[in-house]
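The values are calculated or read from the model by the stated rules, or taken from the named source; none is laboratory data. Quantities reported herein were computed from a predicted structural model and do not represent experimental measurements. Positions of Cβ are backbone-derived with ideal geometry, glycine not excepted, and every protein chain shown enters the neighbour counts.
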Amino acid sequence: MLEKKIGEPCPTCETPLQRRRSTFRTVAGDIAYCARCCSSFELARDDEKAVAFPSELAPI
């Protein structure tokens, strides 16, 4: 699977990619997903390190 970042254009239809929970058994966690053409891509390493919650919502 290709690695893409959230917000990058989809290689097929140029729609910005969004984060989505993976439904594949072989891929755990989130993926970059294009809702228009239903394409899925692995998240680039920079996006995997991103905080899942905004800092103001993080538990104290």
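Consider ARG21 carefully, then state whether it is of a type outside the set (A, V, I, L, M, F, W, C) and at pLDDT below 90. Step through it out loud before you land on a result.
Values: of a type outside the set (A, V, I, L, M, F, W, C): yes; at pLDDT below 90: yes.
Taking the combined requirement at face value, the residue satisfies it.
Condition first: at negative phi, surrounded by 15 or more Cβ atoms within 10 Å (Cβ to Cβ), among the hydroxyl-bearing types (Ser, Thr, Tyr) and modelled with pLDDT of 85 or more. Can you find one or more residues in the range 38-49 that meet it?
Within the range 38-49 (the criterion being at negative phi, surrounded by 15 or more Cβ atoms within 10 Å (Cβ to Cβ), among the hydroxyl-bearing types (Ser, Thr, Tyr) and modelled with pLDDT of 85 or more), the answer is yes, since at least one residue qualifies.
Within the range 12-44, how many residues turn out to be without any contact (Cβ under 8 Å) to a residue 12 or more places away in the chain and not in a strand (DSSP E or B)?
The initial filter retains those residues of the range 12-44 that are without any contact (Cβ under 8 Å) to a residue 12 or more places away in the chain, namely 14, 16, 21, 23, 25-26, 28, 38.
Filter again for not in a strand (DSSP E or B), leaving 14, 23, 25-26, 28, 38.
Residues meeting the conditions: 6.
Which ones in the range 1-19 are under 9 Å from the mean Cα position of the chain (by Cα) and loosely packed, with under 12 Cβ neighbours inside 10 Å?
Taking the range 1-19 as the starting set, the residues that turn out to be under 9 Å from the mean Cα position of the chain (by Cα) are 4-7, 17-19.
Across the range 1-19, the qualifying residue is only GLY7.
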